[in-house]
Amino acid sequence: MIPPYVGIIVAAKTRTPDEVAAVIEAGAKHIGENYVQEAAQMQRSLGAHAQHVTWHMIGHLQKNKINKALRTFDVIQSVDSVERAAAIDARVEAAAKRIVPILVEINIGSEESKAGLSPSEHEPFEEYMERCAERISRLEHVRFQGLMTMGPRVGDPEKSRPYFRRVKRIFDRILGLRLARADMRYLSMGMTNSYRIAIQEGANMVRIGTAIFGARG
Ligand SMILES: *Cc1c(COP(=O)(O)O)cnc(C)c1O
């Protein structure tokens with residue numbers, strides 16, 4: 001059971017528009033996509049259904065895709081540096097758009113294959129993240145709303161627990177800074193195999209594909 005305060009992002013990668021339409025009809029409110037192009041195509045295929053949900057970018061955002069991402073997504077969960085946050089901020093300003101909510105992605109397992117700020121590159125990491133948060137919170141056209149992490153790929157989901165716990169501690173430290181313009185409210189962590197543990201460790205947003213749609217082909 002996922003408690004009602006936890007937001008569920010339906011991870012739609014590799015799924016067909018019919019499959020995604022079915023989960024929207026069943027009540028899904030948030031769709032996550034990894035690629036700008038796939039999200040835009042999914043939205044076209046879904047037609048009116050697409051307007052009933054919010055769209056979250058959960059994959060790596062390339063610099064040359066920012067403008068298109070801003071036209072396609074409501075929330076960008078995968079901001080992986082102060083520089084990328086600043087680039088998004090500048091594009092939002094140029095487009096005279098609404099303020100865009102962002103989360104900062106942490107690669108808490110410091111895995112080569114994953115995007116996000118990683119502890120191994122920025123020790124002492126807790127202090128580094130506080131400085132990043134301060135800088136990002138000062139940007140005027142993005143709203144810093146929290147943290148996202150994949151957690152390391154480990155066989156036993158119980159092994160992710162200390163990683164999730166560390167991200168929660170970083171979240172709480174940033175909250176404790178009481179940054180004037182930040183609106184720290186989302187801790188997005190946990191997927192099909194790990195969401196129970198992530199929620200126990202403080203996640204209030206989970207991103208789930210396999211448990212909703214079945215195994216990817
Ligand atoms: C695919 C994906 C998920 C969901 O993974 P499942 O194991 O299918 O639940 C969550 N977050 C991100 C960033 C993903 O790419």
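State the number of residues belonging to the range 1-55 that are within 12 Å of the ligand (Cβ to nearest atom) and modelled with pLDDT under 95.
Number of matching residues: 0.
Mind counting the residues in the range 102-117 that are among the polar types (S, T, N, Q) and in contact with a Gly (Cβ under 8 Å, 6 or more places away or on another chain)?
1
Since residue 159 meets every condition but one in (1) more than 17 Å from the chain's Cα centre (by Cα); (2) under 16 Å from residue 188 (Cα atoms), which condition does it not meet?
(2)
Any residue in the range 83-95 that is free of Cβ contacts under 8 Å to residues at least 40 places away in the same chain sitting within a Cβ distance under 7 Å of a residue that is polar (S, T, N, Q) and surrounded by 14 or more Cβ atoms within 10 Å (Cβ to Cβ)? List the pairs, counting only those 6 or more apart or interchain.
Final answer for the pair search is 91/67.
Note down all Cβ pairs under 9 Å where the first residue falls in the range 201-217 and is at pLDDT below 95, the second is of a type outside the set (Gly, Ala, Ser) and near the ligand (Cβ under 9 Å from one of its atoms), and they're at least six residues apart or on different chains.
Listed pairs, sorted by first residue: 216/13; 216/14; 216/210; 217/14.
Testing residue 157 on (1) at pLDDT 95 or above; (2) surrounded by 13 or more Cβ atoms within 10 Å (Cβ to Cβ), one condition comes back false. Which one is that?
Every listed condition holds for residue 157 apart from (1).
So, in the range 128-154, of the ones that are farther than 18 Å from residue 82 by Cα and surrounded by fewer than 22 Cβ atoms within 10 Å (Cβ to Cβ), which residue ends up farthest from the chain's Cα centre (by Cα)?
154
Right, residue 69: among the small types (Gly, Ala, Ser) and surrounded by fewer than 19 Cβ atoms within 10 Å (Cβ to Cβ) or not?
Here the answer is no, as residue 69 does not meet what is asked.
Identify all residues within the range 147-196 that are farther than 16 Å from residue 103 by Cβ and within 14 Å of the ligand (Cβ to nearest atom); write none if there are none.
Once the filter is applied, which keeps residues that are farther than 16 Å from residue 103 by Cβ and within 14 Å of the ligand (Cβ to nearest atom), the range 147-196 yields 152, 153, 154, 155, 157, 160, 192, 193, 194, 195, 196.
Considering only residues that are touching a Phe, Trp or Tyr at 6+ places or on another chain (Cβ under 6 Å) and under 15 Å from residue 100 (Cα atoms), look in the range 29-66 and name the one that is surrounded by the most Cβ atoms within 10 Å (Cβ to Cβ).
The selected residue is 57.
Can you name every residue in the range 89-117 that is touching a Phe, Trp or Tyr at 6+ places or on another chain (Cβ under 8 Å) and small (Gly, Ala, Ser)?
Residue satisfying the conditions is 109 alone.
The values are calculated or read from the model by the stated rules, or taken from the named source; none is laboratory data. As the structure is a prediction and not an experimental result, all values here were calculated from the model. Reconstructed Cβ throughout: ideal geometry from the backbone, glycine too, with neighbour counts over all protein chains shown.
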